[in-house]
Structures are given as C-alpha cells and as structure tokens.
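Everything on this sheet refers to the single structure shown next.
The values are calculated or read from the model by the stated rules, or taken from the named source; none is laboratory data. Quick caveat: nothing in here was measured; it's all calculated off a predicted structure. Reconstructed Cβ throughout: ideal geometry from the backbone, glycine too, with neighbour counts over all protein chains shown.
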Amino acid sequence: MVAPLSLPPAVGTELPQHYAGCFGCGDHPAGLRMRFRVVAEHTVGCDLVLARHHQGAPGIAHGGLVAAAFDEALGAAQVFSGELAVTASLTTDFRAPVPVEVPLHLRARLDGREGRKLRISAELRRDDADGARLATAHALFLTVPPEHFAPYAD
C-alpha cells in the first residue's frame, strides 16, 4: 500500500501502483493495468484499451467493469488530498456503449473536500479525433488512517 503524499504531485508525474495485486492498477493477469499521471491541477488521466475478456456483450465492455475502471481512477485522484481514502459511493452514467479494443482516455478530478469527505468526478472518452464522451462518474470517498487496511492484509 502506497503511503499518502505530503505534497501534491506535479503535472506530468506518473503515479505508482497502490498495490501490485490490484485489479485496476496492479499486475493482475486479467486486470486493467491502469497507469495514471497527473494531467492538470487536481486531475489524473489514464489511457487504456479494454480487452475482449472485459466484454459484457459482443464488442462492448461490461458495465460493471467500466464502473471498476472509474473506481480506480477516482481513487487515484484522491492522491491530491494527501491522505488515504476509500470509496463510500459511486455513481456511473453511461452515455454510449463503451467499446473494447479501442483506445480510451479516462480523467478523474478531485472536486472538493469537506472534513473526511472527498468529492471526485471522472469521464471516459474515446481517444480519437471525435473524442466522444462515453460515460461519467461521481463519487464520495472518505479519508481513512493507514490502519484501516491492516485487518485485510495477507
């Protein structure tokens, strides 16, 4: 588990995996293997191509898989809080089918903070000349101390 940062990362910084076994950003064989970088103030981005084994219908990504990708991106954006945080709620709105085997770009932004509550939003677009927005997400994350994860560690 990556420790929280004392200073927010600068634009262009690549974020490390938070856990090597993570389905979203880790080295999981069937996972998403997402790699994030800081693309703007309070904003992270990730280029990805969903694989055929991520389908829910022919040629279209499974909706739950897209929600998992959003959860990973929203979680990466919490790095700007300087604390560890976990998902409390996540809403995903689909605007168009999300294709597999097509370049996509996902961005997530830390929108605000109230005490332990972090408000984070994200969008998924095709990574082509059209740049069509395929889905959006909004989440509430809660900051937690590092000990929060201890009972679940291997």
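For segment 78-87, state whether one or more residues are in a loop (DSSP other than H, G, I, E, B), surrounded by fewer than 15 Cβ atoms within 10 Å (Cβ to Cβ) and at pLDDT below 95.
yes
Among the residues of segment 17-65, what is the count of those that are part of a loop (DSSP other than H, G, I, E, B), over 13 Å from the mean Cα position of the chain (by Cα) and under 24 Å from Gly82 (Cα atoms)?
5
Residues to consider are Gly31, Gly64; find the one that is surrounded by 13 or more Cβ atoms within 10 Å (Cβ to Cβ), within 25 Å of Arg126 (Cβ to Cβ) and out of contact with any helix residue (DSSP H, G or I) (no Cβ under 8 Å at 6 or more places or on another chain).
Exactly one residue qualifies, and that residue is Gly31.
Based on what the data block shows, is Thr143 of a type in the set (S, T, N, Q) and within 13 Å of the chain's Cα centre (by Cα)?
So Thr143 fails the test.
Is it true that Gly115 is over 19 Å from Gln55 (Cα atoms) and without any contact (Cβ under 8 Å) to a residue 40 or more places away in the chain?
yes
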